[in-house]
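Heads up, the thing below is written out as structure tokens.
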Amino acid sequence: QAHLVESGGGLVQAGGSLRLSCKAPRMILSTFSSAIMNWYRQSPGKERELIATITADRNGNYAESVKGRFTISRDNGKRTVYLQMNSLKPEDTGVYFCNRDIQQLPWGQGTQVTVSS
């Protein structure tokens, strides 16, 4: 069983929305609940970049490129982190991954998001 399982990606027109999910099925509940969790994006030809963070207290922080459009949230009981993406732009295209902020787990396969203009 994978450490991290991302889902929810797809093809969407510019201006549309998607909701990504990241489940950490192997994490102990208490460990997940206290973990800072991140969403990352790897766009074609670019390095993986950090785009959103959520603390154990559910405070979110965002890269400037997504601020005001994306919202990160978590459901500890489901060991799941979400990324609500609104007002999508073609430059949001990429593979989206999640991981713990420190003591990172083996990366999942990610979920592909493609935004057409």
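The values are calculated or read from the model by the stated rules, or taken from the named source; none is laboratory data. Bear in mind the structure is a predicted one, so any value in this text is a computation, not a measurement. Every residue, glycine as well, gets a Cβ built from its backbone with ideal geometry; the counts of neighbours run over all protein chains shown. All accessible areas refer to the heavy atoms of the entire protein, side chains included, with ligands and DNA or RNA removed. Shrake-Rupley method; radii C 1.70, N 1.55, O 1.52, S 1.80 Å.
Rounded to the nearest percent, how much of the accessible area of the range 1-102 (1.4 Å probe, protein heavy atoms only) is carbon and sulfur?
Whole-percent figure for carbon plus sulfur exposure: 49.
Can you give the Rg and Dmax of the range 8-59 based on its C-alpha atoms, in angstrom?
Here Rg and the maximum Cα pair distance are 13.8, 38 Å.
Over the chain, with the other protein chains present, what is the accessible area per residue in square angstrom, probe 1.4 angstrom?
Spelled out: the 1.4 Å probe surface of the chain, per residue, equals 52 Å².
Under 22 Å between alpha carbons, and skipping anything fewer than 8 positions from residue 67 in its own chain: which lysines qualify?
46, 89
If you put +1 on each Lys and Arg Cβ and -1 on each Asp and Glu Cβ, how big is the dipole of the range 24-89 around its Cα centre, in Debye rounded to 20?
Charge dipole, the range 24-89, about its Cα centre: 180 debye, nearest 20.
Loop only per DSSP, at most 13 neighbouring Cβ atoms within 10 Å: give me the trypsin sites (Lys or Arg not before Pro) in the range 54-91, ordered by residue number.
Answer in residue order: 58, 67.
Taking loop as defined by DSSP and a crowding limit of 15 other beta carbons within 10 Å, which GluC sites (Glu not before Pro) in the range 1-105 fit?
The qualifying sites are 47, 64.
Over the range 29-117, what portion of Cα pair distances is larger than 21 Å, expressed as a whole percent?
27 percent
Only Lys, Arg, Asp and Glu count, each charged at its Cβ (+1, +1, -1, -1), so figure out the dipole size of the chain about its Cα centre, rounded to 20 debye. Don't jump to the answer; show the numbers that get you there.
Values: 14 positive and 9 negative charges, 55 e Å.
Charge dipole, the chain, about its Cα centre: 260 debye, nearest 20.
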